[in-house]
Amino acid sequence: MSKNLEAFSGDKTYSEPVYLQVEGDIAFICFNRPDKRNALSYEIWLRIPQLIEECENDANVKVIIFKGTGSAAFSAGADISEFKTLRYTAEGAEKYNKATMIAEKSIMDASKPTIAMIQGFCVGGGCEIAVACDFRFSDEQGKFGITPAKLGLVYNTPGTKNVVDLVGPAKAKDILYTGRLLDAGEAYQIGLIDRIYPAGAIKEETVRYAELICRNAQLSVRGSKKIINEVLAGAIEDSPETAELVIDSFLSEDYREGVRSFLEKRKPDFKYS
């Protein structure tokens, strides 16, 4: 068992509806309302950017994993009690939507790779968070859906673009027009998720994949993420910033260690990122 998985042996007792748990070089952002299938409240949306910022400021953290407490749900979506309170007026709805978009953008803009580790239901806002991550790994019981059509709502543009980027326009229309639930097999087939694991293995396999990223040069990993995000935003050539990233990589200690390890026929020991 890996040191990260051994340390992260299970869900600890926290009172917060969402909390950060750092184990070695992996951070876990955990939705913690298992009695409500980890429903997302306004408070949770506000906390996500703060927790991302904590991860960004922690030099030891290399990968961020989102997960739900328990095995029944990653998140089954919005807290329905807020539909008749905060989200029942135009002013309240605008406030709520702004919080969701800021949270979503914080995940997408994080310099460090993000993985959604999905067990059970991943619906509505839960799916919105998952598609904002770099990767989505699901157990075999995963259920996926984006359901504004069942509530008379319209999904925001950044969230819709993330879905279209993953599955294409026709499949995105299918998901959004019908609001139906997809099982893990169909979600994988259309590209909504990246991997499916048995329920008993998903934690171990997700951590193992995160550790694979952690062993590489983080300058390279984060540079690649930034450039891929720019490509998704329409870039076809280097900007001055990305051109500088490329040149600076040749001057980095990571590059020197990579070259030395290659010539010495050993695994690199990247300590500089």
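The values are calculated or read from the model by the stated rules, or taken from the named source; none is laboratory data. Nothing here was measured: the structure is a model prediction, and the numbers come from that model. Cβ sites come from the backbone with ideal geometry, for glycine too, and all protein chains shown count toward neighbours. We work out accessible area using only protein heavy atoms, side chains counted, and drop any ligands, DNA or RNA first. Shrake-Rupley method; radii C 1.70, N 1.55, O 1.52, S 1.80 Å.
Listed values, structure above:
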{"read-out": "Scan of the range 128-162 for residues that are free of Cβ contacts under 8 Å to residues at least 24 places away in the same chain and either open to solvent by less than 30 Å² (accessible area, probe 1.4 Å) or of a type in the set (G, A, S) (or both), ordered by number", "value": "G152"}
{"read-out": "Selection count where residues are touching a Ser or Thr at 6+ places or on another chain (Cβ under 9 Å), touching a residue at least 60 places away in the same chain (Cβ under 8 Å) and within 25 Å of D25 (Cα to Cα), scope the range 98-127", "value": "6"}
{"read-out": "Failed item, numbered, when A235 is tested on (1) part of a helix (DSSP H, G or I); (2) surrounded by 13 or more Cβ atoms within 10 Å (Cβ to Cβ); (3) among the aliphatic types (A, V, I, L, M)", "value": "(1)"}
{"read-out": "Top-ranked residue in the range 175-207 [being charged (D, E, K, R) and assigned to a helix (DSSP H, G or I); ranked as nearest to I146 (Cα to Cα)]", "value": "E186"}
